[in-house]
Amino acid sequence: MVRQPTSTAKAGPKPRILDRAGLPSARRVVVKLGTQVVVDPGGRPALARLYALMEAVAAMASRGCQPVLVSSGAVGLGARQLGLEPKSLAEKQAAAAAGQGELMALYQEGLGRLGFKAAQVLLTEDDFADPTRHANLRRTLETLLSLGAIPVLNENDTVSTLELERPAAGRTPVFSDNDHLSALVAAHLEADLLILLSDVSALHTGNPRLDPAAVPLAEVPFGQVPAVRTEGRSGRGRGGMTSKVAAARLAADRGVPVVLASGLEPRILERILEGASVGTLFTPDPGGPKNPVPAGNPIRPMALAARAASRRLAVTDTATRDQALTTLADLLLGEEAAILAANEADLAAAKATLGASACQRLRLDRAKLHSMAEGVRAVAALPDPLNQVQLRRQLDDGLELTRVSCPLGVLGVVFESRPDALIQISALALKSGNAALLKGGREARHSNAALLHTIQEALRRTGLPVAAIQGLEDRASVEALLALNEWVDLVIPRGSKDLVKHIQNATRIPVLGHAEGVCHMYLDAFADTDMAVALVRDAKLQYPAACNAVETVLVHAAAAPRLLPALTEDLQARKVELRGCERCRALVPWLGAATSADWDTEYGEPILALKVVADLEEALAHIRTHGSGHTEAIVTEDPAAAARFLAEVDAAGVYHNASTRFADGFRYGFGAEVGISTGRIHARGPVGLEGLLSYRYLLRGHGHRVENYTGPAARPFQHLDLRSTL
């Protein structure tokens, strides 16, 4: 019979362990056993030591703790069984396959004698990279712990070693050894303590095998992990002191204290949990986890892969990136049937829940697909934005400074409804050398999946990393993404005001976007009537759901008797709901009454607010108070009024005698846009390639030293600007 724990490890408040005095309170403990602890020098199980450790683990479980074991040793045991010294990858995998059964039998027999069931869990990269498998891993471990079983985890070396030694193009390993695996598991399970047991007693100030003066460190405070100089990896395992310290730092960053100690010492687990001064204690941040999301965040592996892909894209020649885009354009047309069928599935489900305007944004047809392909080709035809010299300056003879454009890195883009946005964003990201993690609206999930498959197929055919463009599954994935400020460089939300504001409030990653699109059109005293009516019609009705559609029209009082009747008659015939101020209703009595809320409302549908203003001064004041900084327009034949409007209105786009609907990356000649920004830092307005770039400074010298430019005999700088070419 399996002995049940006397209490659950999660009962009561979670302890905050910041020093050795708190170690006895640890309830959920991850223990990593290194190869040297499990296997003796002859390749046989170190039975006495292993059974003593299992007795300590069973004692922990009996008093209400929840121990989780991460055990190495399979390769060492299997090598003895097969009679080989594994050198090649195939031999290591064969040894792992042979030794894994013996290793697990040891735990099942030893813990079984003590009344506990050992449960084997073998892990690969995909258990962390795939969100569904990752969530399942968490559920499995929690269930095993709740049943009183003791999970025994190990990397499945039989199948995953190849992936780690020769990572797939554009993929960064999530864990490279069982040290890192144990840290990920400890963080993901929100463990109270991680214990790393190997053949070393502690972290030393130097390599004790080479430096007799090296002394052990009893404690390493958070953020003060020293540089580690060792001989490299251990002889039989794939870890080493460098790996263990990196794993300890990873866990401590996530709020989990770590003890590094020798598993060869007697009663080591008992002494650690008694608070004895053994090994090295890595303390977590006393202010709380550096990143409150555990290291097992299911999106983190995707972000790591995207980071690796972005680095490759940054050094990929423009011809290859352009080829990926032209291949994508071809595939969009070649996969037309599959893409439109996927879109039909989305539309069928959406008709019951979405309004007409939302369904319009969702719908794809043959014309839209051809337009999308044309847009992709337009992006491919743009000049290469990377490595462009923005500044070239000779600081002194032989000392030249240049500033060159470079990608931002990894973009997180969240958008609603419109599946064509996925293609626009991906095209601009690839052209600018950025990787992107994309989350579209759930109403377009089939369409987005089909389009994402097309993009990744284009990458695959061009030899570029597929991880450059990845899709997120659900809202939980977005929340996980927003916590990865170390790995994602910019978040771009495209959607409702609520979506944008939520993302802005939920992350420390810079956010590029606009919360509202309350756009105005001011009809001046000298506005041409026909032009004014046509521009308002276009700005309101060409696409009412767009963020650059006009929501409020301001009319100069002197022109209102002339303009308002013509304007309202035109819009009423087109079934636009009109709401006017008192002065408007005095001229056109049948208008609905506007309230103060109308001046701050982005309708997104055929509704328009009208207000009569005394003059240009009042129009400017109204826009300053109620504008969202998106796009504002004036209609006038008076050059002075136009000049003042263009100079004084603070918005991303300010227009004269033109529809606000021109605020669009494609119409601006950017090829496409990833979104529109109303911020004042970095990009503003429709964001094309330039908004996805940063820059680097390159300095080329010939042994130049700063000391020559300081002091009484300082050499002067020339600071001579040169032609901006390489």
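I need to check one value: relative contact order of the chain, counting alpha carbon pairs closer than 8 Å and at least 6 residues apart, in percent.
For the chain, the relative contact order is 11 percent.
Work from the charge dipole of the chain (Cβ charges, +1 for Lys and Arg, -1 for Asp and Glu, about the Cα centre) and give the residue of L587, G669, V706 farthest towards its positive end.
Farthest along the dipole direction, towards plus: V706.
Only bridges whose two residues both fall in the chain count here: according to DSSP, what percent of them are antiparallel, nearest 5?
Counting DSSP beta bridges with both partners in the chain, the antiparallel share is about 30 percent.
Using the Cα centre of the chain as origin and beta-carbon charges of +1 (Lys, Arg) and -1 (Asp, Glu), tell me which of P383, A119, A647 is placed farthest towards the positive end of the dipole.
A119
At 0.36 nm per residue, minus the direct Cα-Cα distance, what do E400 and A214 gain on full extension? Give it in nm, one decimal, please.
That pair, E400 and A214, stretches by 62.5 nm at full extension.
May I ask you to derive the relative contact order of the range 519-687, considering only C-alpha pairs under 8 Å and at least 6 residues apart, and to give it as an integer percent?
Across the range 519-687, relative contact order equals 26 percent.
Near the amide H of R363, under 5 Å away, which other amide H atoms are found, from residues 5 or more places off or on another chain, if H is placed in the peptide plane?
none
Can you give the helix-only mean residue ellipticity at 222 nm for the chain, where every DSSP H stretch with n ≥ 4 adds -39500 (n - 2.57) and the sum goes over all residues, rounded to the nearest 500 deg cm²/dmol?
-12000 deg cm²/dmol
Taking the Cα centre of the range 611-726 as origin, work out the dipole magnitude from +1 charges on Lys and Arg Cβ and -1 charges on Asp and Glu Cβ, in debye rounded to 20.
800
Please report the antiparallel percentage of the DSSP beta bridges confined to the range 352-481, to the nearest 5.
Among the beta bridges of the range 352-481, antiparallel pairing accounts for roughly 45 percent.
Charges at C-beta only: +1 for Lys and Arg, -1 for Asp and Glu. How large is the resulting dipole of the chain about its Cα centre, in Debye rounded to 20?
The calculation lands at about 1940 debye.
Where does the charge balance sit around L459 when Lys and Arg score +1, Asp and Glu -1, over other residues with C-beta under 12 Å from its C-beta?
+3
So if I place +1 on the C-beta of Lys and Arg and -1 on the C-beta of Asp and Glu, and nothing else carries charge, what would the dipole magnitude of the range 489-539 be about its Cα centre? I want it in debye, nearest 20.
Computed about the Cα centre, the dipole is about 420 debye.
Can you grab the distance from the C-alpha centre of the range 506-539 to the C-alpha centre of the range 366-420, Å, no decimals?
If we compute the Cα centre of each part, the gap is 27 Å.
Label-point separation (nm) for A59 and R624, each offset 7 Å from Cα along Cα-to-Cβ?
7.6
For the chain, which DSSP H helices look membrane-span-like by this rule: Cα extent along the axis of 30 Å or more and mean Kyte-Doolittle of at least -0.5?
Sorted by number, the helices that extend far enough and score high enough are 89-113.
For V278, what is the net charge nearby, where nearby means another residue's Cβ is under 11 Å from its Cβ and Lys, Arg count +1, Asp, Glu -1?
So the surrounding residues net to 0.
Each value in this text was obtained by applying a stated rule to the coordinates, not by laboratory testing. None of these values were measured; they are calculated from a predicted model. Reconstructed Cβ throughout: ideal geometry from the backbone, glycine too, with neighbour counts over all protein chains shown.
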